[in-house]
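Peer 1: Following this message is one structure expressed as structure tokens.
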């Protein structure tokens, strides 16, 4: 029986979580784990969709969709989220970008 995804947040998006005993060990701070990077890339390429929970952001984006012709909530949310993640986690972002070019 398949569990409903509603209300499960990110857990609902991860189709095949690693068992606890198989999770790669954390690297020291500042050192990225190559195995986790590649696993993350493969999972993201299979399912690039993410779910967010923000009533305020949802209201703003819905307002814009209703008042601006051809406004895309998904496109705008992607641009904003990518910019924020890139600024907050630049090392991880650049490592992922380099490896994604090789995988695609």
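Peer 1: Go through region 47-60 and count every residue that is over 19 Å from the mean Cα position of the chain (by Cα) and either surrounded by 10 or more Cβ atoms within 10 Å (Cβ to Cβ) or touching a residue at least 12 places away in the same chain (Cβ under 8 Å) (or both).
Peer 2: 2
Peer 1: Follow-up. What tally of residues in region 75-93 results from selecting those that are touching a helix residue (DSSP H, G or I) at 6+ places or on another chain (Cβ under 9 Å) and exposed (fewer than 12 other Cβ atoms within 10 Å of the Cβ)?
Peer 2: Summing the residues that are touching a helix residue (DSSP H, G or I) at 6+ places or on another chain (Cβ under 9 Å) and exposed (fewer than 12 other Cβ atoms within 10 Å of the Cβ) in region 75-93 gives 2.
Quick note: the coordinates plus some simple rules give every number you see, no bench work behind them. A quick note: this is a predicted structure, and the numbers were derived from the prediction, not measured. Note that each Cβ is placed from the backbone with ideal geometry, even for glycine, and that neighbours are counted across all protein chains shown.
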